[in-house]
Amino acid sequence: MESFLTRTEQLFGADTINLFKNKRIAIIGLGGVGGTCLEALARTGFQNFFLMDGDVVQESNLNRQILYTREDLGIKKVDAATKHLRLINKEIEISSAGEFLNKENADKYLSDDFDFIVDAIDDLEGKLILVGISENRRIPLISSLGMGNRYDLRQLEITTLDKTTIDPLAKKFRHLLRINNFDLKKVNVVYSKEMPLKKTPISSYMLVPSTAGLFLAYHIILSLMKGAVKND
């Protein structure tokens, strides 16, 4: 009988799937970007996660956030995400914090044993904290930049922060890291080259943030596979 990973194992090989199973991934932010990244990794065979988000599921999330349904309204996103993942793979191991990342709780929750950190938050101070943790503890990090007020998923790409243009969030992020003496060339990001619409509040639909989430997952998969080859 085929398991839910049979087709994936045929593609990657059993050794790679075992590699994924033994990696621990921290995903900070479980909205349209982080949620799709999490789902993609879980369906690829990753099964050890730390999840962090202080939000609860709202009806306005349902147009784009893949992890949630109407049954989850009013529930903390970390709890709804945990329930969802365990319906996919009963062997998944999850720890979580239903809080927003800040200077006070960063050291408590983000320990040294992660193999990758996903930054799927909009808060610049939180992004700065994650870059600092990544550098100080030598944990690979991939950050998502602005995905709101955009239509065109074809404009997304994976690059480093020094090569970003157009995106207002990227501009602020670059400035913040420069004044804190971080090397922009070492910060991997997913960003959009599309000029964002000037809409308030920020608008969004599923295609752009979900594509960003898939790019985040792809970067992690590719990086870990390359690392495994180098270590052989």
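Checking the stretch 151-173 against the condition returns a match, with at least one residue being touching an Asp or Glu at 6+ places or on another chain (Cβ under 9 Å) and among the polar types (S, T, N, Q).
Restricting to the stretch 201-228, give me the number of residues that are of a type outside the set (Phe, Trp, Tyr), touching a residue at least 12 places away in the same chain (Cβ under 8 Å) and assigned to a helix (DSSP H, G or I).
Total meeting the criteria: 17.
Residues that are surrounded by 23 or more Cβ atoms within 10 Å (Cβ to Cβ) and either small (Gly, Ala, Ser) or under 20 Å from Met147 (Cα atoms) (or both) within the stretch 43-62 comprise Met52, Asp53, Val57, listed in sequence order. Against the condition within 25 Å of Gly45 (Cβ to Cβ) and open to solvent by less than 40 Å² (accessible area, probe 1.4 Å), how does Val118 come out, does it pass? Criteria met by Val118.
Assess whether Asp107 counts as being free of Cβ contacts under 8 Å to residues at least 12 places away in the same chain and more than 15 Å from the chain's Cα centre (by Cα). For Asp107, the condition - free of Cβ contacts under 8 Å to residues at least 12 places away in the same chain and more than 15 Å from the chain's Cα centre (by Cα) - is met.
Yes or no, residue by residue, for (1) surrounded by fewer than 18 Cβ atoms within 10 Å (Cβ to Cβ); (2) outside any loop (DSSP other than H, G, I, E, B); (3) not polar (S, T, N, Q):
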| site | (1), (2), (3) |
| --- | --- |
| Phe4 | yes, no, yes |
| Gly35 | no, yes, yes |
| Arg64 | no, no, yes |
| Leu67 | no, no, yes |
| Asp79 | yes, yes, yes |
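Among the residues of the stretch 1-18, those that are of a type in the set (Val, Ile, Thr) and closer than 17 Å to Lys226 by Cα comprise Thr16, Ile17. Considered as a group, the residues in the stretch 178-208 that are more than 27 Å from Leu19 (Cα to Cα) and under 17 Å from the mean Cα position of the chain (by Cα) include one that is surrounded by the fewest Cβ atoms within 10 Å (Cβ to Cβ), and that residue is Met206.
Here the condition is being in contact with a Lys or Arg (Cβ under 8 Å, 6 or more places away or on another chain), under 19 Å from Ser223 (Cβ atoms), polar (S, T, N, Q) and open to solvent by less than 30 Å² (accessible area, probe 1.4 Å); of Ser134, Ser143, it holds for Ser143 alone.
Could you grab me the full set of residues in the stretch 37-62 that are touching a residue at least 24 places away in the same chain (Cβ under 8 Å) and assigned to a loop (DSSP other than H, G, I, E, B)? Within the stretch 37-62, Gly45, Phe46, Gln47, Asp53, Gly54, Asp55 meet the criteria. Restricting the stretch 8-33 to residues that are assigned to a helix (DSSP H, G or I) and within 28 Å of Leu124 (Cβ to Cβ) leaves a set whose member that is farthest from the chain's Cα centre (by Cα) is Gly32.
The values are calculated or read from the model by the stated rules, or taken from the named source; none is laboratory data. Please read these numbers as outputs of a predicted model, since none were measured by experiment. With ideal geometry, Cβ positions are generated from the backbone for all residues, glycine too; neighbour counts draw on all protein chains shown. We work out accessible area using only protein heavy atoms, side chains counted, and drop any ligands, DNA or RNA first. Shrake-Rupley method; radii C 1.70, N 1.55, O 1.52, S 1.80 Å.
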